[in-house]
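*Asks:* First, the structure itself, so that you have it in front of you.
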Amino acid sequence: MREDIRNFNQEELLKKFKGLQFESYRARQVLEWLYKRDVDDFAMMSNLPRELKEKLGLYFCIEKLAVEEIKTSRDMTQKFLFRLKDNTLIESVSIPLKARLTACLSTQVGCKFSCTFCASGSMGFKRNLEACEIIAQFLAIKKNVPLHKVNNVVFMGIGEPLDNYENCLRAIRILNDPGCANLGIRKMTISTAGFAPAIERLAKEGLQIELSVSLHAATDEKRSELLPINNRFPLKPLFKAVETYMALTKRKVTFEYILLGGFNSSVEDAQSLIRLVRGLNVRINLIPYNPGPARGRYFSPTKLEVLFFKNYLAQKGIDVFLRMPRGVDIAAACGQLKYHVLRKEKQNREA
Ligand code: SF4
């Protein structure tokens, strides 16, 4: 069976080429076409001999992501809906900031974790993405924005990255490989809903990857309502895992806190949060809720709620950052575009 060539790092590909009796410098040429020149077709790799191109096609493939839809926001955030070889859909987002660009990638088709504020959680889980499918999103975004340098990657799209641990870590190592995408490890962020045992495992990998944890509430009662994973891994084991991560990696961890109007934005909520994180080397990213179409039970906070919450934390010495949602006009939050398209397809089938 042919394997996608993007599933290999440079060292592995050199070994494969040696085993197939291809000259080793040809592996470096192929990787340069893939990662530096944005070419995803062996036939277009013009410095390879025809015979080698044919042989490569016998042993390897480069599965293309079919672009189902691209939406561009007023703030230039772009949302990509890709169709995979098995006809399933995933989303990626490109978020420009001056000359830099962050690529937000999916790691699973659907998600098992059913967070109640998330459109992806309402659509069920289909399968894990392979490393090459994660990398293909990065390369598709890179190709689409030639004027920008994609210098940050966040695993914050559809799916729980730590629930697809091996493939995610493989994709990270290939993106980080100087012979492949050569993206700095500290330029990548894993965002988790709070998969505590996998955080402990990640801490021991010897990677300096950024870790971002979806906290969203500072008591088990409220957090379990938002993130059912909290029933399996409540705040106590979650914080133990986060502290292990910080101790072993010496990295600051970010807690994401979606402010939901009237739900987790009161002075009591702020006080609970302060008690939870006081003394830890963490940052709180406050994100005013961007309402999606999947559920109607939560609301955007008022400007007053947002400012009060942020200032209250800041005054108590907490490192807090207000992150405004990007691409609100194009449903850029996780799973929203896929949700729209699947609903449209269902309506068409029923018509
Ligand atoms: S927020 Fe993340 S973990 Fe939760 S349902 Fe959505 S994709 Fe899954």
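The values are calculated or read from the model by the stated rules, or taken from the named source; none is laboratory data. Everything numeric in this text was worked out from a predicted model, so none of it was measured. Quick reminder, even Gly has a Cβ in these numbers, built from the backbone with ideal geometry, and neighbours come from all protein chains shown.
*Asks:* Checking the condition in contact (Cβ under 8 Å) with a residue 24 or more places away in the chain, in the same structural domain as Val153 (by TED's automatic domain parsing) and in contact with a Ser or Thr (Cβ under 9 Å, 6 or more places away or on another chain), which residue from Val277, Val282, Val267 passes?
*Replies:* Checking each option against the conditions leaves just Val282.
*Asks:* Still on this structure: Examine the stretch 22-38 for a residue that is within 20 Å of Gly179 (Cβ to Cβ), surrounded by fewer than 19 Cβ atoms within 10 Å (Cβ to Cβ) and of a type in the set (S, T, N, Q), and state whether such a residue exists.
*Replies:* Checked the stretch 22-38: at least one residue is within 20 Å of Gly179 (Cβ to Cβ), surrounded by fewer than 19 Cβ atoms within 10 Å (Cβ to Cβ) and of a type in the set (S, T, N, Q).
*Asks:* So, one more: Take the residues in the stretch 146-175 that are surrounded by fewer than 23 Cβ atoms within 10 Å (Cβ to Cβ) and touching a Leu at 6+ places or on another chain (Cβ under 6 Å), then tell me which one is nearest to Leu101 (Cα to Cα).
*Replies:* Among those residues, the one meeting the criterion is Val150.
*Asks:* Quickly run through the stretch 114-151 and pick out the residues that are among the β-branched types (Val, Ile, Thr) and away from the ligand (no atom under 16 Å from the Cβ).
*Replies:* Those that are among the β-branched types (Val, Ile, Thr) and away from the ligand (no atom under 16 Å from the Cβ): Ile135, Ile141, Val145, Val150.
Okay, residues lined up against (1) on the phi > 0 side of the Ramachandran plot; (2) of a type in the set (D, E, K, R):
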| site | (1), (2) |
| --- | --- |
| Lys112 | no, yes |
| Gly124 | yes, no |
| Glu130 | no, yes |
| Gln137 | no, no |
| Ile141 | no, no |
| Pro161 | no, no |
| Asn164 | no, no |
| Asn167 | no, no |
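*Asks:* Please name all residue pairs, on different chains or six or more residues apart, with Cβ atoms under 7 Å, provided the first residue is in the stretch 156-173 and is in a helix (DSSP H, G or I) and the second residue is modelled with pLDDT under 95 and within 16 Å of the ligand (Cβ to nearest atom).
*Replies:* Within 7 Å, the pairs are Asp163/Lys112.
*Asks:* Here is a follow-up. Would you be able to say whether some residue in the stretch 108-118 is of a type in the set (Lys, Arg), free of Cβ contacts under 8 Å to residues at least 12 places away in the same chain and in the same structural domain as Asn230 (by TED's automatic domain parsing)?
*Replies:* Scanning the stretch 108-118, I find no residue that is of a type in the set (Lys, Arg), free of Cβ contacts under 8 Å to residues at least 12 places away in the same chain and in the same structural domain as Asn230 (by TED's automatic domain parsing), so the answer is no.
*Asks:* How many residues does the stretch 255-273 contain that are in a loop (DSSP other than H, G, I, E, B) and surrounded by fewer than 19 Cβ atoms within 10 Å (Cβ to Cβ)?
*Replies:* Number of matching residues: 3.
*Asks:* Would a scan of the stretch 125-138 turn up a residue that is touching a residue at least 60 places away in the same chain (Cβ under 8 Å), farther than 25 Å from Thr254 by Cα and not in a helix (DSSP H, G or I)?
*Replies:* yes
*Asks:* Run His216 past the list (1) crowded, with 23+ Cβ neighbours inside 10 Å; (2) on the phi < 0 side of the Ramachandran plot and report the number of the one that doesn't hold.
*Replies:* The one condition His216 does not meet is (2).
*Asks:* Take the stretch 83-113 and flag every residue that is outside any loop (DSSP other than H, G, I, E, B) and within 16 Å of the ligand (Cβ to nearest atom).
*Replies:* Passing the criteria: Leu89, Ile90, Glu91, Ser92, Val93, Cys104, Gln108, Val109, Gly110.
Listed here are the residues, each with its yes/no results for (1) touching a Cys at 6+ places or on another chain (Cβ under 8 Å); (2) under 30 Å from Phe17 (Cα atoms); (3) exposed (fewer than 13 other Cβ atoms within 10 Å of the Cβ); (4) of a type in the set (A, V, I, L, M).
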| site | (1), (2), (3), (4) |
| --- | --- |
| Arg50 | no, yes, yes, no |
| Met76 | no, no, no, yes |
| Leu81 | no, no, no, yes |
| Lys98 | no, no, yes, no |
